[in-house]
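**Student:** Quick one: the structure is below, questions incoming.
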Amino acid sequence: MQTSSSPLDQALALLKAGELVGIPTETVYGLAADASQPDAVAKIFAMKGRPADHPVIVHIAGRDQLSDWAQNIPDAAWKLADAFWPGSLTLILQRKAHVPDAVTGGQDTVGLRAPAHPLTHELLQRFGGGLAAPSANQFGHVSPTTAQHVFNEFGEKLGLILDGGPCQVGVESTIVGLTSEHPTLLRPGGVPAEAIEAVLGVKLIHHEKPSTANLRVSGLLDSHYAPRTPLLVGPLGALENEATRRLETGERIALLHRSHMLKAVHGVTAHAMPMMAEPYARDLYATLRQFDNGQFDVLLLETPPQEANWLAVNDRVKRAASGWLG
Ligand code: TXA
Ligand code: MG
């Protein structure tokens, strides 16, 4: 490889050659491969340790590429693409026949998203095709929101990580299913459900959690997004009691709270989380990673507000939690 070429040029060359590249998006970093090369896509599953029947999202430059991958595209898809692309919305549509099974997990649908991050947007425009990319983390682990996080996951095994700075949204894209009669919210995320409903003029059906037996949307697995240190979630009072109890046995405790009035508890490392939903989402994974560093026996997290604009945050907290208090 020429050392004088830009990281973007290097990324393009690697992707064309069927190799993996870490890419920034506004939601989380992705582990990308050329979606038209099944062997390249297979490398994603191998590197992540992810079951091969889980579908991956195909990232495209914009609405003009939609019909390269999907067919029988309903009006709702065009409306949503026009309203939210490039952005943190993934549409599940009927796939075109050429889309590899490695991408769709053998299903007759394909997930499509045009990410807004300028570096990856430019990469996709120059690439022309689609990039299959799940979040760039080991299966089940917390998603990465910086290039350093991606490096921490895969080290030198991943030849190139495009550094696009910290992700501005911080939680994964909203996934909307458009293959049945009625649009369905499959995963809350960067784009609020209400904004989607406003564009479509209908309420979204909220996806019922399926049994693990037929689970295909891997983001719905409860073990997802989890730090390695036990994470207990609850109201502040219950966390303070738990901290006091655990201090007696000499445990090392981190308390992630949203209180201006927290009384310092000697021996407990307190960290104030953002008060508003958007900055909270942006910081959540980075904070979990920061405190999941082996220096604590338990992480105690104050339950976020149970309000509509906190839906994505609460969804991720629920999956990251190993237990509930109070
Ligand atoms: O923000 C995001 O969506 C990030 C960035 C990198 O774009 N990607 C991401 O990918 O979160 P991943 O693979 O970690 O989660 C994508 C979710 C999975 O739960 C997958 O099962 C689901 O999308 N998915 C992909 N294609 C699908 C399909 N055809 N039908 C149903 N679910 C699908
Ligand atoms: Mg993921």
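**Student:** Over segment 1-148, what is the relative contact order in percent, taking alpha-carbon pairs closer than 8 angstrom and at least six residues apart?
**Tutor:** After rounding, I find 34 percent.
**Student:** So, one more: So what are the ³J(HN,Hα) numbers for segment 48-55, from phi and the Karplus equation (6.51, -1.76, 1.60; θ = phi - 60°), rounded to whole Hz, Gly and Pro as x?
**Tutor:** 7, x, 9, x, 6, 8, 8, x
**Student:** At 7 Å along the Cα-to-beta-carbon direction for both residue 13 and residue 125, put a label point, then send me their distance in nm to one decimal.
**Tutor:** Placing both labels 7 Å beyond Cα along the Cβ direction yields 2.3 nm.
**Student:** Would you list 179, 174 from fewest to most Cβ contacts within 10 Å?
**Tutor:** By the 10 Å Cβ count, ascending: 179, 174.
**Student:** Given R₀ = 25 Å, what would the calculated FRET efficiency be for residue 138 paired with residue 107, taking r from the Cβ atoms and rounding to 0.05?
**Tutor:** 0.60
**Student:** Then there's this: Looking at the chain, identify the longest residue range that excludes and avoids all GluC sites (Glu not before Pro) in DSSP loops having at most 12 other Cβ atoms within 10 Å.
**Tutor:** 1-180
**Student:** For segment 1-68, what is the relative contact order in percent, using Cα pairs closer than 8 Å and at least 6 residues apart in sequence?
**Tutor:** Answer for segment 1-68 is 18 percent.
**Student:** Identify the trypsin sites (Lys or Arg not before Pro) of segment 1-60 meeting these criteria: DSSP loop state and at most 13 other C-beta atoms within 10 Å of the C-beta.
**Tutor:** Answer by residue number: there is no such site.
**Student:** May I pose another question? Which FRET efficiency value, to the nearest 0.05, do you get for residue 308 and residue 207 by plugging their Cβ-Cβ distance into 1/(1 + (r/R0)^6) with R0 = 25 Å?
**Tutor:** Given R0 = 25 Å and the Cβ-Cβ separation, E is 0.95.
**Student:** Next question. Residue 83 to residue 43: FRET efficiency via 1/(1 + (r/R0)^6), r the Cβ-Cβ distance, R0 35 Å, to the nearest 0.05?
**Tutor:** 0.55
**Student:** Please give the Cα centre distance for segment 111-153 versus segment 250-318, rounded to the nearest Å.
**Tutor:** A separation of 25 Å, based on Cα centres.
**Student:** Right, another one. Compute a Gaussian network model of the chain, connecting alpha carbons closer than 10 Å, and tell me which residue from 92, 60, 73 fluctuates the most.
**Tutor:** The residue with the greatest mean-square fluctuation here is 73.
**Student:** Of the candidates 46, 102, 136, which one comes out as most mobile in a Gaussian network treatment of the chain with C-alpha springs shorter than 10 Å?
**Tutor:** Per the Cα network of the chain with a 10 Å cutoff, 46 tops the list.
**Student:** Report D for segment 228-307 in µm² per second (integer): Stokes-Einstein, Kirkwood Rh on Cα pairs, 37 °C, 0.692 mPa s.
**Tutor:** In µm²/s, the coefficient is 256.
**Student:** Compute the normalised compactness of the chain: alpha-carbon radius of gyration over 2.2 N^0.38 Å, N being the residue count.
**Tutor:** This ratio for the chain stands at 1.02.
**Student:** How large is ³J(HN,Hα) for each residue in segment 289-298, as worked out from phi by the Karplus curve 6.51 cos²θ - 1.76 cosθ + 1.60 (θ = phi - 60°), to whole Hz, x for Gly and Pro?
**Tutor:** Coupling constants for segment 289-298: 5, 4, 8, 8, 10, x, 8, 10, 8, 8 Hz.
**Student:** I'd like the antiparallel share, as a percent to the nearest 5, of DSSP beta bridges with both residues in the chain.
**Tutor:** Expressed as a percentage, antiparallel bridges in the chain total about 40.
**Student:** How large is the dipole of the chain about the Cα centre if only Lys and Arg carry +1 and Asp and Glu carry -1, each at its Cβ, rounded to the nearest 20 debye?
**Tutor:** 300
Coordinate-derived values only; no laboratory data. Predicted, not measured: the structure shown is a model, and the values here were computed from it. So basically every Cβ, Gly included, is an ideal-geometry build from the backbone, and we count neighbours across all protein chains shown.
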